[in-house]
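Notes follow the structure.
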Amino acid sequence: MEEILKKSAAQQSKMIADKEITATELTECALSRISEVDEKIGAFNSVTREIALETAGKVDEMVAKGEELPLLAGVPLALKDNMNLIGSKTTASSKILENFVSPYNATVTQKLSDNCIPIVGKANLDEFAMGSSNENSAFKKVHNPWNLSKVPGGSSGGSAASVASCEAALALGSDTGGSIRLPASFCGVVGMKPTYGRVSRYGLIAFASSLDQIGPFARTVEDAALLLEVISGHDSHDSTSLNLPVEKFAQHLNDDIKGKKIGVITDLMTDAVSEDVRKAIEHAVDVYKSLGTEVVEVSLPKLKYSIGIYYILATAECSSNLARFDGVRYGHRTANPENLIDLYCKSRAEGFGDEVKRRIMLGTYALSSGYYDAYYKKAQQMRKLVAEEFNEVFKRVDALIAPTCPNTAFDLGARTEDPLAMYLTDIATICANLVGIPAMSVPAGFDSDGMPIGLQIMTPQLAESLLFNIGYQFEQLCC
């Protein structure tokens with residue numbers, strides 16, 4: 001049965017439809033895999049066995065009746081633990097929500113349920129999705145399945161590790177500044193951030209609302225395209241949700257890309273990029289040239305300001321969003337507070353970890369009287385200029401490529417004492433969130449230590465079909 005878990009989600013789905021395996025058998029197999037390996041990996045905060053098996057049972061009933069199955073029905077999936085699943089704990093890997101049980105489903109979770117996709121567990125993450133290594137979880141660190149002494153990337157490290165270790169064929173993560181693409185790169189899987197507004201954020205625990213976006217993890221581009229189709233669509237519960245029809249993204253995977261123009265972002269090919277990563281990107285350029293595309297170098301001079309812009313805007317929004325965790329309505333409440341202010345202060349001091357506190361303080365400072373114009377307002381103005389620069393570049397090229405990260409997975413603990421070095425891990429991914437464009441990391445080989453390397457592909461807003469097409473064509477020749 002272990003060989004079945006290594007198959008793609010599309011293959012597993014076909015096996016269920018063809019009655020080669022039942023959804024219950026496949027789900028039991030995934031749950032057994034979790035019990036066997038997750039003690040070493042730490043990908044899951046909780047396992048939702050009963051919920052998964054109940055969903056799998058519905059799929060088997062549909063097969064027995066000869067009913068047509070929804071897309072990806074019966075395929076095991078890991079859900080990042082910052083998305084609400086009714087009746088299960090949703091902790092955001094924080095002590096402040098350690099015992100919080102979801103009273104409702106997030107929109108994406110409801111879509112998974114409607115498609116009868118078994119959710120086998122809630123995946124570990126950096127606390128409140130704030131981190132690049134998944135070492136900030138209040139409960140346990142996640143280890144990279146390729147080398148347990150390495151980080152899996154963050155913040156969606158548990159989601160990426162669960163797919164890489166075959167504990168689940170699919171996973172959902174959230175991406176605020178690279179939190180899907182970075183762990184996908186480090187763990188050697190496909191991770192994709194959609195256009196802002198393509199997927200509803202209702203029921204996602206907010207970090208930075210103008211940047212957050214939910215997206216798929218998978219082991220193939222096809223699987224990622226199919227999962228995005230499942231979770232996309234307009235939602236009246238989310239005011240930023242785009243009112244557009246859901247595309248069949250996987251239908252365009254085999255489209256010929258000959259004649260397409262692809263730009264290599266020279267600003268992200270600096271001396272900071274490791275030699276192994278550089279060689280992988282150069283190989284990707286050769287692959288695309290062999291496919292008949294025109295590959296050109298492009299420069300985005302304002303890209304260098306992205307880190308500064310991001311860590312003002314993201315922390316400001318974090319400061320605002322996390323104000324709701326005050327010990328009053330839900331979550332951790334300190335024992336025997338002296339008064340209301342004491343309740344607020346002690347509950348938050350006891351419930352939040354160091355990185356979350358750091359970002360709340362940074363964001364509160366940026367929004368404070370006398371500093372708002374100097375920091376937050378200026379960062380918003382610069383964000384607009386970066387977006388305009390991308391719009392101009394996309395008039396000349398169909399897609400952009402760059403490293404997902406300048407380096408491969410680093411050792412656990414290597415950057416925990418240097419927040420700036422940790423923040424710079426996201427140097428290549430942040431721009432897509434600032435601009436709201438779709439971006440994807442696809443496996444692009446390995447470094448000299450055998451650790452995965454990710455190629456990042458970006459396309460204009462709402463061009464997900466093209467993004468998957470370009471990624472799929474590369475995958476067929478490279479992976």
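Miscellaneous remarks
- Overall form of segment 92-175 per C-alpha gyration tensor (a/c, 1.5; a/b vs b/c): oblate
- Surface per residue (accessible, 1.4 Å probe) for segment 254-402, Å²: 53
- Candidate lysines for bridging to residue 95, where Cα separation is under 24 Å - those fewer than 8 sequence places away on the same chain excluded: 40, 80, 122, 140, 141, 346, 357
- Surface composition of the chain: carbon and sulfur atoms hold 50% of the protein heavy-atom accessible area at a 1.4 Å probe.
- Overall form of segment 372-431 per C-alpha gyration tensor (a/c, 1.5; a/b vs b/c): oblate
- Using Cβ point charges alone (K and R +1, D and E -1), the dipole size of segment 138-201 about the Cα centre works out to roughly 140 debye.
- Shape summary: segment 322-364 maps onto an equivalent ellipsoid whose semi-axes, from the alpha-carbon gyration tensor, are 18, 10, 9 Å in decreasing order.
- In a simple Cβ point-charge model (Lys, Arg +1; Asp, Glu -1; nothing else charged), the chain has a dipole of about 1000 debye relative to its Cα centre.
- Only one residue of 316, 412, 466 has its Cα farthest out toward the positive end of the dipole of the chain, where Lys and Arg carry +1 and Asp and Glu -1 on Cβ, and that residue is 316.
- Computed magnitude of the charge dipole of segment 37-167 (debye, nearest 20; Cβ of K, R +1, Cβ of D, E -1): 340
- Environment charge at residue 246 (Cβ cut-off 14 Å; Lys +1, Arg +1, Asp -1, Glu -1): -2
- 3J(HN,Hα) along segment 245-261, derived from phi through the Karplus expression 6.51 cos²θ - 1.76 cosθ + 1.60 where θ = phi - 60°, amounts to x, 7, 7, 8, 4, 6, 5, 9, 4, 8, 4, 5, 9, 4, x, 5, 10 Hz, with x in place of Gly and Pro.
- Segment 303-390, relative contact order in percent, only Cα pairs under 8 angstrom and at least six apart counted: 43
- Under 19 Å from the Cα of residue 19 - lysines, other chains or at least 8 residues apart: 6, 7, 58, 65
- When segment 10-93 is described by a simple charge dipole with +1 on each Lys and Arg Cβ and -1 on each Asp and Glu Cβ, the residue from 77, 23, 57 located farthest towards its positive end is 77.
- Per residue accessible area in Å² of segment 92-156, where ligands, DNA and RNA are left out and the probe is 1.4 Å: 28
- Relative contact order of the chain: 17 percent, from C-alpha pairs under 8 Å at least 6 residues apart in sequence.
- Between the exposed loop cleavage positions of the chain, defined as trypsin sites (Lys or Arg not before Pro) in a non-H, G, I, E, B DSSP state with at most 13 neighbouring beta-carbon atoms within 10 angstrom, the longest gap is 66-247.
- Under 13 Å from residue 258, Cα to Cα: aspartates and glutamates that are on another chain or at least 8 residues apart: 294, 398
- Viscosity 1.306 mPa s, temperature 10 °C, Stokes-Einstein D of the chain from Kirkwood C-alpha radius, µm²/s: 72
The values are calculated or read from the model by the stated rules, or taken from the named source; none is laboratory data. Because the structure is a prediction, the values reported are computed rather than measured. Here Cβ is always computed from backbone atoms with ideal geometry, including for glycine, and neighbour counts include all displayed protein chains. These area figures cover heavy atoms from the full protein model, side chains too; ligands, DNA and RNA do not enter into them. Shrake-Rupley method; radii C 1.70, N 1.55, O 1.52, S 1.80 Å.
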